[in-house]
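Just below is one structure, and these are the notes that go with it.
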């Protein structure tokens with residue numbers, strides 16, 4: 001663990017041997033992706049507002065910018081495990097900028113984790129390294145997505161292992177995870193890459209983050225709300241990312257991803273599909 005003058009910090013590219021009970025399932029999964037060479041936004045785990053301040057200063061240096069825009073998320077050990085997921089119980093703060101704001105966001109998320117009782121029974125050996133009474137929070141460079149979504153390396157409903165399912169929306173993925181829009185839905189044959197089903201989205205609004213870090217909602221161009229999200233080439237790239245993520249985490253994968261304005265595809269989370277039915 002890297003310890004600054006004020007608090008501990010662990011970087012995603014230095015978590016290979018860190019126990020899940022210490023850094024949480026979300027960070028551990030991202031570390032596996034980094035180790036596999038997948039494109040993961042730069043970030044770190046901390047347990048304290050003080051650690052967040054120091055980590056943010058180093059992150060700014062790594063990004064060669066004074067005040068990078070970041071996403072701050074819980075990495076509670078109870079959220080993303082190999083056999084269960086409690087995703088969405090704890091807050092995420094998008095578009096956070098500045099050391100004071102990042103430290104405050106970390107403090108709020110740690111408080112939410114403590115109130116939920118997260119981390120109790122998080123795993124053997126966790127308490128030896130985690131600061132007493134505190135919980136892991138993930139801070140990463142924010143992907144200002146023009147398209148985002150989720151993908152599954154097996155069909156999450158039928159259990160078919162030869163199907164990859166993609167759901168995509170325009171803009172940030174928050175409207176998808178909040179259930180506010182109907183995403184584009186694509187089913188791909190795993191071994192051939194053939195698209196078996198493509199259903200247009202029903203999305204009249206999209207979310208984005210301003211330079212000031214404010215999440216704003218705008219109308220999607222096109223009155224029908226059925227403007228396609230992904231091109232055929234982008235679908236193929238998401239399929240490849242999903243399969244590589246599955247190999248990296250060693251299980252059928254539930255992957256969150258985003259395309260930025262330069263066309264770069266990022267993976268922002270990968271976890272096992274914990275409710276996968278028998279095929």
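The values are calculated or read from the model by the stated rules, or taken from the named source; none is laboratory data. As the structure is a prediction and not an experimental result, all values here were calculated from the model. Cβ placement follows ideal geometry from the backbone for every residue including glycine, while neighbour counts extend to all protein chains displayed.
What the table shows:
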quantity	calculated
Filtered residues of the range 24-41 (kept if in a helix (DSSP H, G or I) and either modelled with pLDDT under 90 or surrounded by fewer than 23 Cβ atoms within 10 Å (Cβ to Cβ) (or both))	24, 25, 32, 34, 35
Residue list for the range 113-130, filter: modelled with pLDDT of 50 or more and surrounded by fewer than 17 Cβ atoms within 10 Å (Cβ to Cβ)	114, 115, 117
Residues of the range 257-279 that turn out to be part of a loop (DSSP other than H, G, I, E, B) and within 24 Å of residue 205 (Cα to Cα), as a count	4
Positions within the range 197-212 being at pLDDT 95 or above and loosely packed, with under 15 Cβ neighbours inside 10 Å, in sequence order	197, 199
Residue that is nearest to the chain's Cα centre (by Cα) [pool: residues in the range 176-196 that are closer than 22 Å to residue 216 by Cβ and surrounded by fewer than 20 Cβ atoms within 10 Å (Cβ to Cβ)]	177
Failed condition for residue 88, given (1) at pLDDT 80 or above; (2) assigned to a loop (DSSP other than H, G, I, E, B); (3) not assigned by TED's automatic domain parsing to the domain that holds residue 208	(1)
Near pairs, Cβ below 8 angstrom, 6+ apart or cross-chain, from the range 188-199 (in contact (Cβ under 8 Å) with a residue 24 or more places away in the chain) to any residue that is assigned to a loop (DSSP other than H, G, I, E, B) and exposed (fewer than 10 other Cβ atoms within 10 Å of the Cβ)	188/194
Selection from the range 22-38 of residues that are in contact (Cβ under 8 Å) with a residue 60 or more places away in the chain and in contact with a helix residue (DSSP H, G or I) (Cβ under 8 Å, 6 or more places away or on another chain)	22, 23, 27, 29, 30, 32, 33, 35, 36, 38
